[in-house]
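Inspection log for the structure reproduced underneath, given as structure tokens.
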Ligand code: NAD
Ligand code: DAU
């Protein structure tokens, strides 16, 4: 039994991670989450109180991080501002949470000699051309495009510097686009599903040729657990499941799965600086740690995700109108 401190555990990937830890291990979890617009206590509903404790708090709060890290054996750092479109509107919370928050946590881990796993994104590598046969590897140069991805890139650099200069026992992972239950309706796939459930139409940015490398959130989190258990300190592991799809294809698939005509979507204003393509080479993770994805059929995973949003309207409904109103002001 290990005691985990999970930052951002009321968010999409963090809450799925806590559920997976409870279901597949005997570890105890303390979740620390600021419950920003993206955090939701209901995402942790039903978990046993003797395994999961919730603390509302900010990762940039040095006193609180000191106290919580002192009690933990492993810190798993998911907390972040996570949405590119929001970072284009107002970068400031991204700088505070993603950079100052990660710094604050690193200092606490350094003081108490506690192991850290830092969750990051493939977006730190910028984008690939649509016709480039290559993929991101751990050796790819950092070239972030948005305030969000630049802040995550900076957080990765902080973690590596604290490993090298101060001997903090940290690992890092950079994952591609996740889908699955409990994802906020501001994000691409839940937005389209809930638009259709609401009687509206999906919204495609630009021509929709941009490619994302989709992975089910449970596969991401299984990889994170494998890295925590067997990863080498100081190493970076890229997480991806060979799930490249262009956005237009994803929208057409959602429409078909939900019994609508495949052309029943709107083209809306493109994202400024929109990254063209992400693609992950996860061979280091597979070869070193023996990880393989369980969700190999994207359409089946997507159908299960559609069902989840159909069956959990009470979870997403309170956010929907405000999210769509904000998009509408930007012509999206
Ligand atoms: P999310 O926005 O759904 O959740 C973020 C959580 O962090 C929320 O619960 C929020 O309340 C909390 N939070 C925000 N600021 C905080 C602060 N200052 N202190 C404490 N808690 C705070 O995000 P997500 O999609 O679950 O992403 C989680 C992590 O995974 C992020 O680090 C993100 O960069 C990374 N990531 C996401 C994806 C993806 O596809 N969603 C892919 C790769 C990596
Ligand atoms: O690659 C990992 C990243 O994936 C994570 O680091 C981020 O936290 C996560 O949000 C995600 O970033 P993206 O910007 O790729 O995800 P998003 O869901 O915002 O958009 C996915 C694609 O869909 C992107 O090309 C923009 C497009 N899009 C998005 C929305 C919300 C649309 O076409 N229409 C939309 O309504």
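The values are calculated or read from the model by the stated rules, or taken from the named source; none is laboratory data. Just so it is clear, the model here is predicted, and its values are computed rather than measured. Note: ideal-geometry Cβ built from the backbone for every residue, glycine included; neighbour counts use all protein chains shown.
Taking the conditions exactly as written (within 22 Å of residue 233 (Cβ to Cβ), surrounded by 23 or more Cβ atoms within 10 Å (Cβ to Cβ) and either away from ligand 1 (no atom under 16 Å from the Cβ) or modelled with pLDDT of 95 or more (or both)), does residue 114 satisfy them or not?
Values: within 22 Å of residue 233 (Cβ to Cβ): yes; surrounded by 23 or more Cβ atoms within 10 Å (Cβ to Cβ): no; either away from ligand 1 (no atom under 16 Å from the Cβ) or modelled with pLDDT of 95 or more (or both): yes.
Against the criterion (within 22 Å of residue 233 (Cβ to Cβ), surrounded by 23 or more Cβ atoms within 10 Å (Cβ to Cβ) and either away from ligand 1 (no atom under 16 Å from the Cβ) or modelled with pLDDT of 95 or more (or both)), residue 114 does not qualify.
Kindly indicate whether residue 321 is within 13 Å of ligand 2 (Cβ to nearest atom) and out of contact with any strand residue (DSSP E or B) (no Cβ under 9 Å at 6 or more places or on another chain).
Answer is no for this residue.
Inspect all residues belonging to the stretch 307-315 and state whether any of them is touching a residue at least 12 places away in the same chain (Cβ under 8 Å), closer than 30 Å to residue 232 by Cβ and buried (at least 16 other Cβ atoms within 10 Å of the Cβ).
Looking for residues that are touching a residue at least 12 places away in the same chain (Cβ under 8 Å), closer than 30 Å to residue 232 by Cβ and buried (at least 16 other Cβ atoms within 10 Å of the Cβ), one finds none in the stretch 307-315, hence no.
Among the residues in the stretch 213-226, are any over 18 Å from the mean Cα position of the chain (by Cα) and either exposed (fewer than 15 other Cβ atoms within 10 Å of the Cβ) or within 16 Å of ligand 1 (Cβ to nearest atom) (or both)? Spell out how you get there, then give the answer.
Initially, the stretch 213-226 is screened for residues over 18 Å from the mean Cα position of the chain (by Cα), giving none.
The answer is no; no qualifying residue exists.
Could you check, for the stretch 70-92, whether at least one of its residues is part of a helix (DSSP H, G or I), within 12 Å of ligand 1 (Cβ to nearest atom), surrounded by 24 or more Cβ atoms within 10 Å (Cβ to Cβ) and modelled with pLDDT of 95 or more?
no
Restricting to the stretch 107-130, count the residues that are within 16 Å of ligand 2 (Cβ to nearest atom) and outside any strand (DSSP E or B).
Total satisfying the criteria: 8.
Could you list, in sequence order, all residues of the stretch 265-306 that are without any contact (Cβ under 8 Å) to a residue 24 or more places away in the chain and within 15 Å of ligand 1 (Cβ to nearest atom)?
Within the stretch 265-306, none qualify.
Exactly one of (1) over 21 Å from the mean Cα position of the chain (by Cα); (2) assigned to a helix (DSSP H, G or I) is unmet by residue 303. Its number?
Only one criterion is unmet by residue 303, namely (1).
I'd like the residue in the stretch 132-152 that is in contact with a strand residue (DSSP E or B) (Cβ under 8 Å, 6 or more places away or on another chain) and surrounded by fewer than 21 Cβ atoms within 10 Å (Cβ to Cβ) and, out of all such residues, is farthest from residue 102 (Cα to Cα).
132
Go through (1) touching a residue at least 12 places away in the same chain (Cβ under 8 Å); (2) away from ligand 1 (no atom under 16 Å from the Cβ) for residue 259 and report which single condition fails.
(1)
For the stretch 154-175, which positions are assigned to a helix (DSSP H, G or I) and out of contact with any strand residue (DSSP E or B) (no Cβ under 8 Å at 6 or more places or on another chain)?
154, 157, 158, 161, 164, 165, 166
Would a scan of the stretch 6-16 turn up a residue that is within 15 Å of ligand 2 (Cβ to nearest atom), over 20 Å from residue 228 (Cβ atoms) and crowded, with 23+ Cβ neighbours inside 10 Å?
no
How many residues, within the stretch 126-156, are in contact (Cβ under 8 Å) with a residue 12 or more places away in the chain and over 24 Å from residue 225 (Cβ atoms)?
20
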